[in-house]
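Written out below as structure tokens is the structure these notes cover.
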Amino acid sequence: MDQNENKKTHPEKRKAGIILICGTALAFLWLWIFPQFLGPLWRKFTFLPEEIYFPIEEFLALNINHNSPIVLIGGFLIIVCTLIWSLKLNGKLQKSYEYILIAVIIFLMTLMLMPCLCAPREVGRRLRCVSELKEAYHQISLYADENKGKLPDTFTVKNSRYLINYYGKGRSLKEAPFVLLEDAQRCHAGDLRHQIWSNGKIKVFHPWKIKNRKIGL
């Protein structure tokens, strides 16, 4: 009788093991793979109105990564449900290797759920963009000092990963403040734009939130 009962329980133990493996893989995909594909997937919906598309694009870029609360909570729920399901199928743990397997999985999942110090990539891109604009303004100011305030007809921000528009052709730093440099369209998630004005001030805005927008206003 004991042997027959053991044979009947083996399929349930195999199912429990499969669930543990699949749940671990799903948690990994959720925590590390899913956030990387969600942003590119949303970019396929650019046909939507700007007031709908850009806010969601920006939210995903700033909030959905393996370190964000939304993703961490989802990973935690996957792990808990996986353990409950597998333990229910397996029944009472009897073998030492079963305890070890559960402990290893809990340990690995805990490590995966530990918050780290990394931030979403878009945060770093925005900080770097502002730094590049400040450096570009410094270079332009040096040129203007040597040419009685006159600005160069053309200027390219060196080593920039983004296209930055220059509006200083035929103008001077002695004029009333005007937009000197500005991010090109859709350089950043949510179509956020950085401007640096001729007086050195930096402005951050979303063009789609401004009706009848004009350059420099």
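The values are calculated or read from the model by the stated rules, or taken from the named source; none is laboratory data. Since this is a predicted model, take the numbers as computed values, not measurements. Note: accessible area is taken over every heavy atom of the protein model, side chains too, but ligands, DNA and RNA are not part of it. Shrake-Rupley method; radii C 1.70, N 1.55, O 1.52, S 1.80 Å.
At a glance:
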{"item": "By accessible area with a 1.4 Å probe, ligands and nucleic acids excluded, highest first: order of VAL80, VAL179", "result": "VAL80, VAL179"}
{"item": "Solvent exposure, largest accessible area first (probe 1.4 Å, DNA, RNA and ligands not counted), of THR24, THR156", "result": "THR156, THR24"}
{"item": "Solvent-accessible ranking of LYS148, LYS44, largest area first, probe 1.4 Å", "result": "LYS148, LYS44"}
{"item": "Residue-normalised accessible area of region 124-197, given per residue in Å² at a 1.4 Å probe", "result": "55"}
{"item": "Table column - 3J(HN,Hα) (Hz), region 125-133, Karplus curve with 6.51, -1.76, 1.60, x for Gly and Pro", "result": "5, 6, 5, 5, 5, 4, 4, 5, 5"}
{"item": "Rounded accessible area of LEU108 (nearest 10 Å², 1.4 Å probe)", "result": "80"}
{"item": "Cross-link pairs LYS134/LYS169; LYS44/LYS134; LYS158/LYS203 - those with Cα-Cα distance over 27 Å", "result": "LYS44/LYS134"}
